[in-house]
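One structure below.
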Amino acid sequence: MTEQLTEKRSVVVEREFAFPAERLWRALTQPHLIEEWLMKNDFKPTVGHRFNLRGEWGGVLDCEVLTIEPEKTLAYTWNFSHEDAAFDLKSIVTFTLTPTGAGTHLRVEQAGFSPTQKQAFGGAHAGWKQFFAKLDEVLARAG
C-alpha cells in the first residue's frame, strides 16, 4: 500500500512541429518567446538558474534549470506550493527535441505527480496540449 502512495506519475505530450530544432530551441529558451506561448518568466538558459513562471491565473511556479543540451534537451523544476496537497506539486519538466525529415519532434514530460493529484495531473495534460498549440503559432510568426 505504501508503495502505491509514493509512486509518481508523469504527463507526456508529444508533437511534430514543421520547424527546425534551432527555432524550437529559441522558443524554449528566450524569455520573450517563452512568455508568448507559456508564461511570464525570468528564465536564463544556465544550469542552476532559479526563475519563476507566472501564470495568468495568479499562480507562481518556482523553477530551477537542471539540464541544458542546446537544441536537444532542456529540463527544469516546476514547483507549485499550495496548502492543498492535491495541488502542492514538486515536478520536473523535460523537453526533448528530435530532428525529423519534416521538422522536429518535441516531447515534454512533466514528472512528479502523486496518485492523489488527479486534478493537477489532468490539468497538466490539457495544459501542455494548449501550450503546444500556442508554441506552434509563435514558431510560425518567428520565421
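The values are calculated or read from the model by the stated rules, or taken from the named source; none is laboratory data. Only a predicted model underlies this, so the values are computations on that prediction, with no experimental measurement involved. Methodologically, a virtual Cβ is constructed for each residue, glycine included, from the backbone with ideal geometry; neighbour enumeration extends over all protein chains shown. What goes into the accessible areas is simple: the full protein's heavy atoms, side chains included, and nothing from ligands, DNA or RNA. Shrake-Rupley method; radii C 1.70, N 1.55, O 1.52, S 1.80 Å.
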Requested in this report: For Phe17, list long-range residues whose amide hydrogen, built 1.01 Å from N in the peptide plane, is under 5 Å from its own amide hydrogen.
Outcome: Thr104, His105, Leu106
Requested in this report: For the chain, find the longest principal axis of its Cα atoms and tell me its angle to the long axis of helix 118-141, 0 to 90°, nearest 10.
Outcome: 10
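His105 to Gln130: extension gain in nm, 0.36 nm per residue of separation minus the Cα-Cα distance? Don't jump to the answer; show the numbers that get you there.
Working: separation 25, 0.36 × 25 = 9.00 nm, distance 1.66 nm.
Result: 7.3 nm gained on full extension.
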Query raised in the report: Taking the chain on its own, what percent of its Cα-Cα pair distances exceed 21 Å?
Result: 42
Query raised in the report: For Arg15 and Asn79 in the same chain, what is the full-extension length gain: residue separation times 0.36 nm, less their Cα-Cα distance, in nm?
Result: 20.6 nm
Report summary line: Excluding near-sequence neighbours (fewer than 8 apart on one chain), the chain holds lysine pairs with C-alpha atoms under 21 Å apart numbering 14
Query raised in the report: Using θ = phi - 60° and the Karplus curve 6.51 cos²θ - 1.76 cosθ + 1.60, what whole-Hz ³J(HN,Hα) does each residue of the stretch 76-87 get, with Gly and Pro shown as x?
Result: 8, 5, 9, 10, 10, 7, 8, 5, 8, 4, 5, 10
Report task. Go ahead and run the numbers for FRET between Thr116 and Glu56, Cβ-Cβ distance against an R0 of 30 Å, rounding to 0.05. Result -> 0.70
**Report entry** Accessible area per residue in Å² at 1.4 Å probe, computed on the stretch 57-127
**Finding:** 49
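Leaving out ligands, DNA and RNA, what percent of the accessible area of the chain is carbon and sulfur, probe 1.4 Å?
Roughly 52 percent of what the probe reaches on the chain is carbon or sulfur.
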Query - Net charge dipole size for the stretch 74-142 [Lys, Arg +1 and Asp, Glu -1 on Cβ; Debye, nearest 20] - result: 220
Query raised in the report: Taking θ as phi - 60°, what are the ³J(HN,Hα) couplings along the stretch 112-117 by the Karplus curve (6.51, -1.76, 1.60), each to the nearest whole Hz, with x for Gly and Pro?
Result: x, 7, 7, x, 7, 9
Query raised in the report: Tell me, what ³J(HN,Hα) does each residue in the stretch 91-100 have, in order and in whole Hz, if you take phi through Karplus 6.51 cos²θ - 1.76 cosθ + 1.60 with θ = phi - 60° and put x for Gly and Pro?
Result: 9, 10, 9, 10, 9, 10, 9, 10, x, 10
Requested in this report: Mind putting a number on the dipole of the chain about its Cα centre? Charges go on the C-beta only, +1 for Lys and Arg and -1 for Asp and Glu, and I need it in Debye to the nearest 20.
Outcome: 200
